[in-house]
């Protein structure tokens, strides 16, 4: 952020989704988060670059959780756990990397929760929550063209396809083409 630029509003610590808890991660979530990732390594590996860091030990994962919350409180990204009771179903991130007035959503879901509509509900609610925040005019999702499950979610949530973008593959199944999806106003020039 440049000197004199207005501070960005802190993103919310939770999102309302019936039957689920969608909230920022707590250190107490570390064992359940580790279990969800471990149970879904092969499901996540093809398209999630961060999975290459796994397995993390509990102290390293706790440090990540603390860092995520510090970043959010400083006006940065927000990382959300998706839970049913104490069971971690997946995660979502609201990343402030696309424009001063925009946020990019990323998401993952454990293997045994796929194809139940869970992520569509979460992405829809997170999108609405983000668009209601001061200073946010649009939300984007970037998917790899080959990640068909991920590609299916944005149109269900009202996003429009902006188009393809070239990219450098970061995970084993990623291609050199991503798809950019947007909802809300066009990004501000700047």
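Of all residues being outside any helix (DSSP H, G or I) and free of Cβ contacts under 8 Å to residues at least 24 places away in the same chain in the range 46-55, which is surrounded by the fewest Cβ atoms within 10 Å (Cβ to Cβ)? Just the residue, please. For the range 46-55, the residue satisfying everything is 55.
The set of residues from the range 57-96 being within 29 Å of residue 117 (Cα to Cα) and assigned to a loop (DSSP other than H, G, I, E, B) comprises 76, 77, 85, 86.
The residue that is surrounded by the fewest Cβ atoms within 10 Å (Cβ to Cβ), counting only those in the range 17-33 that are in contact with a helix residue (DSSP H, G or I) (Cβ under 6 Å, 6 or more places away or on another chain) and more than 20 Å from residue 104 (Cβ to Cβ), is 27.
Okay, residues lined up against (1) closer than 24 Å to residue 26 by Cα; (2) out of contact with any strand residue (DSSP E or B) (no Cβ under 7 Å at 6 or more places or on another chain):
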position	(1), (2)
89	yes, no
108	yes, no
112	yes, yes
116	no, yes
142	no, no
155	no, yes
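Residues of the range 12-35 that are part of a helix (DSSP H, G or I) and closer than 26 Å to residue 73 by Cα: 27, 28, 29, 30, 31, 32, 33, 34.
Condition check: under 15 Å from residue 179 (Cα atoms) and assigned to a helix (DSSP H, G or I). Does residue 105 satisfy that? Judged against the criteria, residue 105 is not a match.
Restricting to the range 56-109, what's the tally of residues that are touching a residue at least 60 places away in the same chain (Cβ under 8 Å), touching a helix residue (DSSP H, G or I) at 6+ places or on another chain (Cβ under 9 Å) and surrounded by fewer than 16 Cβ atoms within 10 Å (Cβ to Cβ)? Total satisfying the criteria: 1. If you go through the range 34-45 and keep only what is within 18 Å of residue 115 (Cβ to Cβ) and surrounded by fewer than 15 Cβ atoms within 10 Å (Cβ to Cβ), you end up with 39, 42.
Every read-out reported here was derived from the displayed coordinates using simple, explicitly stated rules and does not represent laboratory data. Fair warning: this is a prediction, and the values are worked out from it, not measured in the lab. Here the Cβ is made from the backbone with ideal geometry for all residues, glycine too, and neighbour counts use every protein chain on show.
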